[in-house]
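Beneath this line is the structure, given in structure tokens, with notes to follow.
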Amino acid sequence: MNIDLLPLSDIPDSAALALQWSLELWRSNSIPGFSEDDWTNFYERAKSADFEVWHGSDQELIYIAKSRDQVLGTIALVDFDELEEFRHLTPWVAAFIVNPKLRGQGYGTKILEALERQAAALGIGTLHLW
């Protein structure tokens, strides 16, 4: 199966679905200091992000993973971490969600592999996952 990672800036209408998945997944397992408004703002900022180059400063790149017309999930590269002691490490994989209807079928592995290829194309050699 061929998976395409599309910048959220190219398909901003997909932000609502990705945000919904994020809130459903993390509302009950909240990230300390990261509210529903923070999630909403995170997706809104990514709609206008520069996906052409990784400069690693205040950058949040959210990708929608698709195969044909089916949305498989979402995954992001971000330059920050909530924990001060890890802020020197960048970029981070974030907002990694597989469509709830497709979980357990290997799509997560394929989405992460696609992000690794995208990161390499941006000149990124190391990714971090919290």
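The values are calculated or read from the model by the stated rules, or taken from the named source; none is laboratory data. Since we're looking at a predicted model, the values are computed, not measured. Cβ placement follows ideal geometry from the backbone for every residue including glycine, while neighbour counts extend to all protein chains displayed. Protein only, heavy atoms only, side chains kept; ligands, DNA and RNA dropped before computing areas. Shrake-Rupley method; radii C 1.70, N 1.55, O 1.52, S 1.80 Å.
A few notes on this one:
- Residue match in region 38-54 (condition: under 21 Å from N2 (Cβ atoms), of a type outside the set (K, R) and either open to solvent by less than 60 Å² (accessible area, probe 1.4 Å) or in contact with a helix residue (DSSP H, G or I) (Cβ under 6 Å, 6 or more places away or on another chain) (or both)): yes
- Scanning region 58-79 for residues that are polar (S, T, N, Q) and open to solvent by less than 70 Å² (accessible area, probe 1.4 Å), we see that the one that is modelled with the lowest pLDDT is Q59.
- Within region 99-116, being assigned to a helix (DSSP H, G or I), over 14 Å from I64 (Cβ atoms) and not basic (K, R) holds for P100, G108, T109, L112, E113, E116.
- The set of residues in region 67-98 being in a loop (DSSP other than H, G, I, E, B), among the charged types (D, E, K, R) and more than 13 Å from the chain's Cα centre (by Cα) consists of R68, D69, D81, E82, R87.
- Checked against (1) within 20 Å of L129 (Cα to Cα); (2) surrounded by 14 or more Cβ atoms within 10 Å (Cβ to Cβ); (3) not hydroxyl-bearing (S, T, Y), G106 passes all but a single condition, namely (2).
- Of all the criteria given as (1) touching a residue at least 60 places away in the same chain (Cβ under 8 Å); (2) open to solvent by less than 20 Å² (accessible area, probe 1.4 Å); (3) in a strand (DSSP E or B), the one not satisfied by A119 is (3).
- With respect to the conditions (1) of a type in the set (D, E, K, R); (2) open to solvent by 60 Å² or more (accessible area, probe 1.4 Å); (3) closer than 23 Å to L127 by Cα; (4) in contact (Cβ under 8 Å) with a residue 40 or more places away in the chain, E24 lacks only one, and its number is (3).
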